[in-house]
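The structure appears below as structure tokens.
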Amino acid sequence: MRRYLVAGNWKMNLGPAAGLELAAGVAARLRGRVLRGDALVCPPYVTIPAVAAAADGNPLLLGAQNCGDQDGGAFTGEVSPAMLKEAGVQYVIIAHSERRQYQREDDDLFVRKINLLHACGLKAIFCYGELLGERKAGREREIVNAQLEGVLPRLQYVDPYNTVLAYEPVWAIGTGETASPAQAQEMHAWSRQVVARLLGESPASHMRILYGGSCKASNAHELFSQPDVDGGLIGGASLKVDDFVGIIDGAEAALG
């Protein structure tokens, strides 16, 4: 059975002091519980060292929101996967819709980043999903297929244990709109079919696929009860202890 993953993407919020306070609050609420899945927080780069003290894997895990595509050198402003690993990071988000939109990042860059992550023992959370116009045009399956096909077969080390997928219905991020559980399940099941074609049936059946739309404590249980929804990539609701822990509680409850 696939373990759920509830991953908090803090985006450009919370400096070291506030980040440590939030992570410590979440860790305190989870400590002593035997989770049947994984809980992860992904702070901004500058906040990672402070948060590492609380997100020590017992049981809260530490991630990053991005990484550079080189091992090191004259790349001003970039942070290499090896540096993140040394800082205690275990997961890195790649290809978030905001990186695609604002930084114009593309498949070639995603492949370089993920290959470097895997080479140094880190796990990638690879994001993909359709825009509102693409969904209205009925092209959501075409877009998802193209985004997965443009990256997964080109990875050198990909397997279900170093790669997590995060389906982002971009039209449901930060808008208050949420894909219905049935819509989420439909796209997750389609994603799994695409992965099976690209990588094989066994990797597809074991790979975790997160829902990356607007997820909150009130709808987490219903979303995560869908057979192909293995957790969530959480934005705004990851910035408050009660909200984030409530989503984790929803994931636990979905397991029955």
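The values are calculated or read from the model by the stated rules, or taken from the named source; none is laboratory data. Here the structure is a predicted model, which means the values were calculated and not measured. When we count neighbours, we look across all protein chains shown, and the Cβ atoms used for this are built from the backbone with ideal geometry, even at glycine.
Yes or no, residue by residue, for (1) assigned to a strand (DSSP E or B); (2) crowded, with 16+ Cβ neighbours inside 10 Å:
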site	(1), (2)
GLY8	yes, yes
LYS11	no, yes
VAL46	no, no
ALA55	no, yes
ALA74	no, no
Residue set LEU165, LEU116, LEU122, LEU152; condition under 21 Å from PRO81 (Cα atoms), out of contact with any helix residue (DSSP H, G or I) (no Cβ under 6 Å at 6 or more places or on another chain) and not polar (S, T, N, Q); output residue LEU165
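Please find, within the stretch 210-232, the residue that is farthest from the chain's Cα centre (by Cα) out of those that are closer than 13 Å to VAL164 by Cβ and of a type in the set (A, V, I, L, M).
Here is the first cut: in the stretch 210-232, the ones closer than 13 Å to VAL164 by Cβ are 210-212, 229-232.
Next, only the ones that are of a type in the set (A, V, I, L, M) stay: 210, 229.
Details: LEU210: 7, VAL229: 12 Å.
Looking at residues that are closer than 13 Å to VAL164 by Cβ and of a type in the set (A, V, I, L, M), I get VAL229.
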Please work out if GLN70 is polar (S, T, N, Q) and in contact with a Pro (Cβ under 9 Å, 6 or more places away or on another chain).
-> no
Could you figure out which of (1) aromatic (Phe, Trp, Tyr); (2) surrounded by fewer than 17 Cβ atoms within 10 Å (Cβ to Cβ); (3) touching a His at 6+ places or on another chain (Cβ under 7 Å); (4) closer than 17 Å to ALA7 by Cβ isn't true of TYR157?
-> (4)
Within the stretch 204-222, track down each residue that is modelled with pLDDT of 95 or more and closer than 21 Å to LEU131 by Cα.
-> ILE209, LEU210, TYR211
Return only the number of the condition from (1) of a type outside the set (Ser, Thr, Tyr); (2) in contact (Cβ under 8 Å) with a residue 60 or more places away in the chain; (3) assigned to a loop (DSSP other than H, G, I, E, B); (4) under 18 Å from GLY232 (Cα atoms) that MET1 does not satisfy.
-> (2)
In the stretch 219-249, what residues are under 20 Å from GLY25 (Cβ atoms), surrounded by fewer than 24 Cβ atoms within 10 Å (Cβ to Cβ) and touching a helix residue (DSSP H, G or I) at 6+ places or on another chain (Cβ under 9 Å)?
-> GLY236, ALA237, LEU239, LYS240, VAL241, ASP242, ASP243, VAL245, GLY246, ASP249
Test set (1) at pLDDT 95 or above; (2) buried (at least 18 other Cβ atoms within 10 Å of the Cβ) - ALA179 fails condition number | (1)
Selection from the stretch 158-203 of residues that are touching a Leu at 6+ places or on another chain (Cβ under 8 Å), among the aliphatic types (A, V, I, L, M) and in a helix (DSSP H, G or I) = VAL170, ALA184, VAL194, VAL195, LEU198, LEU199
Counting only residues that are over 30 Å from ARG154 (Cβ atoms) and either outside any helix (DSSP H, G or I) or β-branched (Val, Ile, Thr) (or both), how many does the stretch 204-256 have?
-> 10
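So that you can scan it fast, the table gives a plain yes or no per residue for (1) within 19 Å of CYS42 (Cβ to Cβ); (2) of a type in the set (A, V, I, L, M); (3) modelled with pLDDT under 95; (4) touching an Asp or Glu at 6+ places or on another chain (Cβ under 6 Å):
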position: GLN70; (1), (2), (3), (4): no, no, no, no
position: GLY73; (1), (2), (3), (4): no, no, no, no
position: THR76; (1), (2), (3), (4): no, no, no, no
position: GLU86; (1), (2), (3), (4): yes, no, no, no
position: ARG100; (1), (2), (3), (4): yes, no, no, no
position: VAL111; (1), (2), (3), (4): no, yes, no, no
position: TYR128; (1), (2), (3), (4): yes, no, no, no
position: LEU132; (1), (2), (3), (4): no, yes, yes, no
position: ARG139; (1), (2), (3), (4): no, no, no, no
Can you name every residue in the stretch 205-218 that is crowded, with 19+ Cβ neighbours inside 10 Å and in contact (Cβ under 8 Å) with a residue 40 or more places away in the chain?
-> MET207, ARG208, ILE209, LEU210, TYR211, GLY212, GLY213, SER214
Test LEU61 against the criterion of being within 20 Å of GLU252 (Cβ to Cβ), crowded, with 17+ Cβ neighbours inside 10 Å and at pLDDT 95 or above, and give yes or no.
-> yes
Take GLU201 and decide whether it is surrounded by fewer than 17 Cβ atoms within 10 Å (Cβ to Cβ), of a type in the set (Asp, Glu) and modelled with pLDDT of 95 or more.
-> yes
